[in-house]
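Novice: My questions all concern the structure below.
Derivation of every value follows stated rules applied to the coordinates shown; laboratory data play no part. Remember, it's a predicted structure, so these values are computed and weren't measured experimentally. Cβ sites come from the backbone with ideal geometry, for glycine too, and all protein chains shown count toward neighbours.
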Amino acid sequence: MPGTGLWRTKTVEQSISDTDEPDTKLRRNLSAWDLTVFGVAVVIGAGIFTLTARTAGDFAGPSVSLAFVLAAIACALAALCYAEFASTVPVAGSAYTFSYATFGELVAWIIGWDLVLEFAVGAAAVAKGWSAYLQVVLGYLFGGTVETVVKVGGLEIDWGALLLVVVLATLLTFGTKLSSRVSLVITGIKVAIVLFVIFFGIAYIKSANYSPFVPAAAPPTATTSTGVDQSLFSLLAGGGSSTYGIFGLLAAASLVFFAFIGFDVVATTAEETRNPQRAVPRGILGSLAIVTVLYVAVSLVVSGMLPYQKLSTNADPAGRKTLATAFSANGVDWAANVISVGALAGLTTVVMVLLLGQVRVVFAMSRDGLLPRGLAKTGKHGTPARATIVISVLVALAATFFAADKLEEMVNVGTLFAFILVSAGVWVLRRTRPDLSRGFRVPWVPVIPILAILACLWLMLNLTVLTWLRFVAWMVLGFIVYFAYSRRNSVLGKRMRDEEKV
């Protein structure tokens, strides 16, 4: 176990050995198909149903499809690195576990804390979107308006989001395989809806809506992205705003990156997978390829159905521009209702798999003592029930009582930071441990990892200044928790101190 203090590393062999501890052992029953389902289940959701139309209207115009391509390239580069790491270190925890083996405990803690930002905040944000669609569907079924957000005194309570998290937490507690089967059914429904949007919407495309493909940059006004709300890159480059124009396109790429978040959840299930050396890379790369094609196709159809100005949230105080908006505007209300039902199903699996990923990261950190060890206990169903309950309660509180504004961007900055460390880690581990067995190898190392790092840094620069400020504050809080609790309770630290006494 080389390294001391903040930089002590946990060897790959020790990480794999810890998976056999009886009290914290996860059940291995997932296949490559299960992982692909998880990947598609979590990625097809918020991006298609809630983000595509809004991003076209507020940032990129018709070039939103190009924004998806740019985001997909960055994800593909990082996905190759995730695939190698997951096949080499088939242990729960994803980027946290990978970083522990390469950069040491402090960096591993930072990335684990960062993944909390990605998965937990992401689950809360998508649960809010699910509740909004539930309101639409209930209104369609029962007529009138059925509010999923009620006011009690001065407090707004989102009972729809609360209901979703409670049901999914129960499902996850009863087993990962069961969750995969439920995901398969619901994912089949939402993929069918997405294909319906593509093939039915083609008939309503008007070529005039694609011109200009990249709209001219909007001047700074009260309704455009300026100041702390504009992208950091546009601010540094002297851009007036990041609404439309090239700065808007780049900002859109960083925003729609949220649509791809989740394929890395596949890596968190490596410890529960049969033959992870082959299944995990296939699950990661397969799911990413499928959703990229669907995203680009949907964005082209939606931006062709309606002028991008009508997709802007500036004219809509509620900010609820979705795929259904384009169909309603073309007088096809029944199709809009079908899409709303599909979105409800789609967002269900997104929240479920994000919760799954968050629980596995907390499970891994707890097994290492960086969080309370009790959270790593597994129950009779072979799942970390305690961690599932705790995480679900926190996500439920956030989704029930807090607004979803800016949550997508907070998730993005955390995920991109994790991608950078994983990409760098592949390069480092190739040099420090060339002897390790790798079920999948990234081609052209170090070129691919370096390109992945640069692509993720570029997307981070195009997030808003306010998002960066919030991210720094979150990281500072993480350092406080580490030095106050995690460092002195580290299992690896205790092992090393005991060895020194001998």
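Novice: Calculate the all-directions average of the projected area of the range 9-108's alpha-carbon convex hull, and give it in nm².
Specialist: 8.7
Novice: Follow-up question, since we're still on this one. By how many degrees, 0 to 90 and rounded to 10, does the Cα axis of helix 447-461 deviate from the longest principal axis of the chain?
Specialist: On a 0 to 90 degree scale, this one is about 50.
Novice: Using only the alpha-carbon atoms, how far is helix 245-256 inclined from the longest principal axis of the chain? Give it as 0 to 90 degrees, nearest 10.
Specialist: 50
Novice: In terms of modelled amide H atoms, which long-range or inter-chain residues lie less than 5 Å from the amide H of residue 30?
Specialist: Here the answer is 273, 274, since their amide H atoms fall under 5 Å of that of residue 30.
Novice: So if I place +1 on the C-beta of Lys and Arg and -1 on the C-beta of Asp and Glu, and nothing else carries charge, what would the dipole magnitude of the chain be about its Cα centre? I want it in debye, nearest 20.
Specialist: Taking the Cα centre of the chain as origin, the dipole is about 880 debye.
Novice: What do you get for the angle between helix 407-432 and the principal long axis of the chain? Use alpha-carbon atoms, 0 to 90 degrees, nearest ten.
Specialist: 40
Novice: Find how much the distance from residue 397 to residue 141 grows on full extension, using 0.36 nm per residue of separation minus their present alpha carbon separation; answer in nm with one decimal.
Specialist: So the chain would gain 89.4 nm between residue 397 and residue 141.
Novice: Could you state, as a whole-number percent, how many of the C-alpha pairs of the chain are farther apart than 38 Å?
Specialist: 22
Novice: Same structure, new question: I'd like to know which of 258, 31, 444 lies farthest towards the positive end of the charge dipole of the chain, counting +1 on Cβ of Lys and Arg and -1 on Cβ of Asp and Glu.
Specialist: Of the options given, the answer is 31.
Novice: Go through 151/377; 151/310; 190/377; 10/377 and tell me which ones have a Cα-Cα distance over 32 Å in this structure.
Specialist: Going by Cα-Cα distance, 151/377; 190/377 fall outside the 32 Å limit.
Novice: In nm, to one decimal, how far is the residue 17 label point from the residue 309 one, both placed 7 Å along Cα→Cβ?
Specialist: 6.8
Novice: What nm value, rounded to one decimal, do you get for the distance between residue 435 and residue 149 when each label is placed 7 Å out toward the C-beta?
Specialist: 5.8
Novice: Now a separate question. For the range 59-158, report the convex hull volume of the alpha-carbon atoms normalised per residue, in Å³, without decimals.
Specialist: Convex hull of Cα atoms, per residue: 208 Å³.
Novice: Give me the extension gain from residue 69 to residue 25: residue separation times 0.36 nm, minus the current Cα-Cα distance, reported in nm with one decimal.
Specialist: 11.9 nm
Novice: Given the Cα-Cα distance of residue 214 and residue 328 and 0.36 nm per residue of separation, how much length would full extension add, in nm?
Specialist: Extra length available between residue 214 and residue 328 comes to 38.6 nm.
Novice: So, one more: Round to the nearest 0.05 the FRET efficiency obtained for residue 454 and residue 290 when R0 = 30 Å and r is the Cβ-Cβ distance.
Specialist: E(calc), rounded to 0.05, equals 0.70.
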